[in-house]
Amino acid sequence: MIVLNLACRHEHRFEGWFASAEAFEDQQRRGLVACPFCDSSEIIRLPSGPRVITSTPAKESAERETAAAVQAQLHEAIQAYVRNSENVGGRFPEEARKIHYQEVPARNIRGVATIEETRELLDEGIVVVPLAIPPGEETH
């Protein structure tokens, strides 16, 4: 497993985890690598420092178990969020404003907003938390 430093054409920087450099190149060639911020598939690889492995097998096993537990907790938190919020779909920015300006009763909502709509909401002082929710039975 390698971790690569990547950037999109809009200069958003992020990490990508791949089985190998060849796997990254193959996925990039097939258009499978995209910026998590703007969804651009014009990605470049940035210089990276080497990773020095200092873990023992027992320590790596414990770290994997911890990572799995954290992942399970995150999955449960996302599912609880989905169960306890109203899906307003593409009306998310409009509904968030109505709640913020007390035009409708406060409630937990989720939906879809573009990056620009999210920035506008934040500029207005409306607290929103962009989440990448994996697909499921009813998650967006």
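Values in this text are rule-based calculations from the coordinates and carry no lab data. Since the model is a prediction, treat every value here as computed from it, not as a measurement. So basically every Cβ, Gly included, is an ideal-geometry build from the backbone, and we count neighbours across all protein chains shown.
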Sequence-separation-based contact order of the chain, relative, with Cα cut under 8 Å and 6+ spacing, percent: 16 percent
Mean ellipticity per residue at 222 nm, deg cm²/dmol - from DSSP H runs of n ≥ 4 across the chain, formula -39500 (n - 2.57): -12500 deg cm²/dmol
Alpha-carbon centroid distance for the pair the stretch 10-32 / the stretch 61-140, whole angstrom: 26 Å
Loop-exposed trypsin sites (Lys or Arg not before Pro) per DSSP, neighbour cap 10 Cβ within 10 angstrom, longest uninterrupted part of the chain: 52-140
Cα-based helix-to-principal-axis angle, 57-83 vs the chain, degrees rounded to 10: 20 degrees
Calculated semi-axes √(5λ) of the Cα gyration tensor in Å (choose from [x] 21, 19, 15; [y] 34, 22, 13; [z] 25, 16, 14), label: [y]
